[in-house]
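Values in this text are rule-based calculations from the coordinates and carry no lab data. The model shown is predicted, which means the values in this text are computed figures rather than measured ones. So basically every Cβ, Gly included, is an ideal-geometry build from the backbone, and we count neighbours across all protein chains shown.
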């Protein structure tokens, strides 16, 4: 058993390793492939961006790909997830990183196969390690 497996054995979700792209065009191509992959089918997908420019570029790309999405403008409240519409199957939510809570408790509807699974894709890294780490701990 590797040290990461030992440290994170309590995790009830699947975490994918970081992927880095050499160009923005390749980033958007990889993101589109990820969204369209069977891994994310029938899930709610949250696309999280740190910066407004990336957020706008993300909106433009989703429009070009003819993908429906919803922009989240209010802070996410973990205790209201079940009734907020943030977990709707087959939906894409665009979220600025500042709206994501500091902590995110285990939520039963995220961990089961009842159709309310959540895929979270953080579109970019933040140069401030602490801000990046906040999302990774989420």
Separation of the residue 20 and residue 64 label points, Cα + 7 Å toward Cβ, nm | 2.4 nm
Stretchable slack from residue 96 to residue 57, in nm (0.36 nm times residue separation minus alpha-carbon distance) = 12.8 nm
